[in-house]
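Asks: The structure follows.
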DNA sequence: CACCTTTCTTGAACGATGTTCATAAACATA
DNA sequence: TATGTTTATGAACATCGTTCAAGAAAGGTG
């Protein structure tokens, strides 16, 4: 029951060994996290437990949050592939996406404690403009899947082709990010519901259904007197 | 030319003095930032320059990013009020919003260097679930303005009433946040354009204009008279 | 005015983080 | 096998953010 390996054969043996020790470190770290809580565990502790030097640990994971990110990224990737066939069973794009969002919400709820640290990590690599580091930043897995789904929906005529699928994907991702943030701040709210609402908004838009109904032909004064907020 | 005071009369004299020293500290910090760059300036340096103890500085601003946030929040608030009358000149909601987004994009471009730190601050107060701290977190100013605009648009019939204005406001905010993040990572892209595209997406949605055109007639024999919405 | 209470400031320490560097080991290539 | 490159090591280091007890200042009360 060791950590999964989303990257099958990296290249040389060196790279493989490096990834192996990385996974080992992440495993050890997660063991300590679940044992004593994330905050209570220090980097030195992790290094000692894994029997490596602190500098070695830092060469793999520059921050403590990166350990969380490593694990969660793996989980996302394998979760995605696990859901692949179930996704294919759904006929329409909307149905597929709603299923995915529900699953995603459940996953978020399960990993709730680690999400703040994961998000902090994602945010931290965003401003260190590393360029290359973003390519496999974990949220890329989600992004790729979403983009593929949007692209397929565009070809099926369910989604407009006027907007690139990639742009739709990250638009949805940021809407979901907002929902997660809100949910983390206000426990008890329904994350799945928020996800679905965000998706519905993205699909249908916020414009009034009937294009600018003739409200206010003159000074109105018609019905609905309560307009002051 | 001192820092503005968005909070006119807080309450007692004590509170006022506290806010005054806070503004003083932020001013001193910003002077050093522009002089030596954000990273190069340390908290001890700021405290020394402002002639207070380090603990005092930390009691006002728990992190270095909070100094940036304090200043930018003030700028946002006064910028909003400065734009209020210009906003009122625009007739339609879409026109108003596009104007606001263009101005906002220009402001972001001007403050570019500080944005990563500001965003990091916003993100940091999100997971410390302080509850009360969020109420005046600076992005609240933007959120309030957006929510009011959406509410007005709903009353004018330009925006659907099926979704609360507040929800629309933070949906847009997270879309804009995504655009800013993307822009910070990829300089040279047009932020104003991205803002306007995000807004257009929020308004019009991503669903295909013609509901499920008859692509792939084999599967569903339905002639699809367009009922998906 | 004298007194008490609350809040803020101060200085100094502290642990943890993240960084640095020279050295040694492991590996790849020839 | 010999050489060069990547990685691991151990130890030191600066800074950050935090903590604490004690003093100073503002506020309220008699």
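Asks: Viscosity 1.002 mPa s, temperature 20 °C: what is the translational diffusion coefficient of segment B:63-204 from Stokes-Einstein with a Kirkwood Rh over Cα pairs, rounded to a whole number of µm²/s?
Replies: Values: Rh = 15.7 Å.
So the translational diffusion coefficient is about 136 µm²/s.
Asks: Taking a ≥ b ≥ c as the square roots of the eigenvalues of the Cα gyration tensor of segment A:21-143, is the shape rounded (a/c under 1.5), prolate (a/b larger than b/c) or oblate?
Replies: prolate
Asks: Give me Rg over Rh for segment B:149-199, both radii from the alpha carbons and Rh done the Kirkwood way, two decimal places. Mind showing how you got there, number by number?
Replies: Working: Rg = 13.2 Å, Rh = 11.9 Å.
Taking Rh as the inverse mean 1/r over Cα pairs, Rg/Rh reads 1.10.
Asks: Related question: Quick check: pseudo-label points 7 Å beyond the Cα along Cα→Cβ at residue B:78 and residue A:99, how many nm apart are they?
Replies: Modelled inter-label distance: 5.6 nm.
Asks: A further question follows. Taking 2.2 N^0.38 Å as the expected size of a compact globular protein, what ratio does the Cα radius of gyration of segment A:13-61 give against it, to two decimals?
Replies: Values: Rg = 10.8 Å, N = 49, 2.2 N^0.38 = 9.7 Å.
Normalised Rg, Cα atoms only: 1.12.
Asks: For a Förster distance of 41 Å, can you work out the FRET efficiency between the beta-carbons of residue B:193 and residue B:43, rounded to the nearest 0.05?
Replies: 0.60
Any read-out appearing in this document is the output of simple, stated calculations on the displayed coordinates, not a laboratory observation. Note that the structure is a prediction, hence the values are computed from the model and not measured. Neighbour counts run over all protein chains shown; Cβ positions are idealised from the backbone, glycine included.
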